[in-house]
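The structure appears right after this line, and notes come after that.
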Amino acid sequence: MIEQQIEELRAELNACIEPAERRELEAELEIAQAELIMMLGEQDGSIDAEPPF
């Protein structure tokens, strides 16, 4: 699901010419990619999402 969202954001970004909208899409894409990295890290055990306390 997150992978699909990333692909959709990339497609929108490629079609976007308005600078303000482009910055917004870039930010959304960056957040989605970070979420995917966290998800994958939690699954393979390389990231511990629990708070340290």
Quiz item: When the range 1-19 is examined, which residues are found to be under 11 Å from ALA32 (Cα atoms) and aliphatic (A, V, I, L, M)?
Solution: MET1, ILE2, ILE6, LEU9
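Out of the residues in the range 1-49 that are of a type in the set (Gly, Ala, Ser) and out of contact with any Leu (no Cβ under 9 Å at 6 or more places or on another chain), which is most open to solvent (accessible area, probe 1.4 Å)?
Only one residue fits best here, namely ALA15.
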Quiz prompt | Filtered residue count, the range 24-53, keeping only those that are acidic (Asp, Glu) and assigned to a loop (DSSP other than H, G, I, E, B) | solution = 2
Exercise. May I ask you to list pairs of residues, at least six apart or on different chains, whose Cβ atoms are under 7 Å apart, with the first in the range 2-13 being in contact (Cβ under 8 Å) with a residue 24 or more places away in the chain and the second being part of a helix (DSSP H, G or I) and of a type in the set (Gly, Ala, Ser)?
Key: ILE2/ALA32; GLN5/ALA32; ILE6/ALA32
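The values are calculated or read from the model by the stated rules, or taken from the named source; none is laboratory data. From a predicted model like this one, the values you see are computed outputs, not experimental measurements. Neighbour counts run over all protein chains shown; Cβ positions are idealised from the backbone, glycine included. Quick note on the areas: whole protein, heavy atoms, side chains included, nothing else; ligands and nucleic acids left out. Shrake-Rupley method; radii C 1.70, N 1.55, O 1.52, S 1.80 Å.
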